[in-house]
Amino acid sequence: MDMAELTALLTPDGLRLLDEIPTVGSADDVARTVSRLRAAGHSPDLVSAVVGQARLRARAKTKFGDFASRMLFTRAGLEQATRLSIAARHAGRFRDAGIRHVFDLGCGIGGDALGLAALGMTVDAVDADEVTAAIAAYNLAPFGTDVRVRNARAEETVAELGPAAPEATAAWLDPARRTAGHSETARTRPEDWSPSLEWVFDLAARVPAGMKLGPGLDRALIPDDVEAQWVSADGSTLELVLWSGILARQGVRRAALVIRGDAAHELTASEDAADEPARELGAFLHEPDGAVIRARLIGDVARSLEAGMLDPQIAYLTSDAALTSPFVQSFRVREELPTDAKALARALRERGIGTLEIKKRGVDVDPAALRTKLKLRGDESATLLLTRVGTTRRAILADRV
């Protein structure tokens, strides 16, 4: 969306039209809706904006639920936005620390500011992109004067904080890791982010801050005096949040927050956990959640399951104890099968397995291509876990616990 399209949309007639059109999902839906709106005499800018927003609202339901139908988005802004349920958890940490005023520096379409304002904090939200800032202003308008949205760079806005933050003031930072605007061009080097990672860390050293970063950030870049919290939801590792000052919990330097549906579970530690030694395959195989792996807390999970590593370099745990936890997916081992595709296919047919979940770690296998070669048929179902121990490939047939 460019500014001309946004201007056309942000009128009573434009917003009414957006609310009236049905869900736009497929390419055929788009073509039919565009043709109908153009035939009704609406301008090309308005039609483009309305149809684009209708598609984005449909996609946004996974992150914003029913709120999506009352919000506006950019494509890049939606992809980078924090899920509303997670934003609410982040906002709760600010509230519990006694923070009353937050500078949201790099607010995007306003997802995190929604969580902060909903818990009663005043928010200064800024974004360097003009269209994105305008959309954030629309999304945050229900909070009135409690939220101020500006089109500005974080570096300009933070001058208001002075050499030290006023009491009960903090910052939330989500550095742009893509080029300005709404394209998909990534900035891969932290020094090229906007603002740069060095600038973010410098601010966090003097102002209590939460910093949302990609979960794959080089751990060597993480300062020693912050809490690093990796967050996953429904099996996908979504983000790394670094917390500084009073927002960092006492004695916590590593945390894995695992959200499954409406339930949340967290594992915390003062440092990386030592791994448990490798052991032979037992009655159960456990796949640690991605947040646990990123936080390097696999050893703590292993000890809670009376488990060990299947291989020292691969994140699979094995045990004989009938235990599981929210931090793993657990499987009851049936047997080991051949790793050769033809022999594996024959073994699966003999067992009547027609529905097969294929998981892999530590091996170069394309599950989709392998599934085609296996030519599955039968009424039984199972999970196949492909991995290696040392240089030896293993194919483990199992059932989810």
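The values are calculated or read from the model by the stated rules, or taken from the named source; none is laboratory data. Just so you know, these numbers come straight off a predicted model, no measurement behind them. For neighbour counting, all protein chains shown are included, and Cβ atoms are generated from backbone atoms with ideal geometry for every residue, glycine included. We work out accessible area using only protein heavy atoms, side chains counted, and drop any ligands, DNA or RNA first. Shrake-Rupley method; radii C 1.70, N 1.55, O 1.52, S 1.80 Å.
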Filter segment 309-329 down to residues that are within 16 Å of Leu385 (Cβ to Cβ) and in contact with an Asp or Glu (Cβ under 9 Å, 6 or more places away or on another chain), then give me how many there are.
-> 9
Segment 257-297, residues that are within 16 Å of Ala233 (Cβ to Cβ), modelled with pLDDT of 95 or more and of a type outside the set (A, V, I, L, M) | His265, Glu266, Pro288, Asp289, Gly290, Arg294
Taking segment 36-73 and the residues there that are among the charged types (D, E, K, R) and under 23 Å from the mean Cα position of the chain (by Cα), the one that is nearest to Leu238 (Cα to Cα) would be Lys63
Give segment 358-398 a look and list any residue that's part of a strand (DSSP E or B), loosely packed, with under 14 Cβ neighbours inside 10 Å and charged (D, E, K, R), or say none.
-> Glu380
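Tell me yes or no: at least one residue of segment 312-322 is under 30 Å from Leu242 (Cα atoms) and either in contact with a His (Cβ under 9 Å, 6 or more places away or on another chain) or among the charged types (D, E, K, R) (or both).
Yes, some residue in segment 312-322 is under 30 Å from Leu242 (Cα atoms) and either in contact with a His (Cβ under 9 Å, 6 or more places away or on another chain) or among the charged types (D, E, K, R) (or both).
Taking the residues in segment 1-25 that are in a loop (DSSP other than H, G, I, E, B), of a type outside the set (A, V, I, L, M, F, W, C) and closer than 19 Å to Ala60 by Cα as candidates, determine which candidate is nearest to the chain's Cα centre (by Cα).
The extreme case among them is Gly25.
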Is there any pair linking a residue in segment 341-361 that is more than 19 Å from Arg388 (Cα to Cα) and at pLDDT below 95 to one that is open to solvent by 60 Å² or more (accessible area, probe 1.4 Å) and assigned to a helix (DSSP H, G or I), with Cβ under 6 Å and at least six apart or on different chains, and which?
-> none
Considering only segment 26-101, give the helices (runs of 4 or more DSSP H) lying wholly within it that have at least 3 residues that are loosely packed, with under 15 Cβ neighbours inside 10 Å and out of contact with any helix residue (DSSP H, G or I) (no Cβ under 9 Å at 6 or more places or on another chain).
-> 27-39
Need at least 1 residues that are acidic (Asp, Glu) per element, so show me which strands (runs of 3 or more DSSP E) inside segment 224-297 make the cut, counting only ones lying wholly within it.
-> 227-233, 236-243, 263-269, 284-288
Output for Cβ contacts, cut-off 6 Å, separation at least six or different chains, first residue in a strand (DSSP E or B) and surrounded by 18 or more Cβ atoms within 10 Å (Cβ to Cβ) in segment 167-196, second among the hydroxyl-bearing types (Ser, Thr, Tyr) and at pLDDT 80 or above, reads Ala176/Ser194
Per-region count, segment 131-145, residues surrounded by 15 or more Cβ atoms within 10 Å (Cβ to Cβ) and either farther than 18 Å from Ala76 by Cβ or in contact (Cβ under 8 Å) with a residue 40 or more places away in the chain (or both) | 8
Conditions (1) more than 24 Å from Ile259 (Cβ to Cβ); (2) in contact with a helix residue (DSSP H, G or I) (Cβ under 9 Å, 6 or more places away or on another chain); number of the one not met by Leu297 = (1)
Of Ala255, Ala274, Ala233, Ala209, the only residue that is open to solvent by less than 20 Å² (accessible area, probe 1.4 Å) and more than 27 Å from His101 (Cβ to Cβ) is Ala233
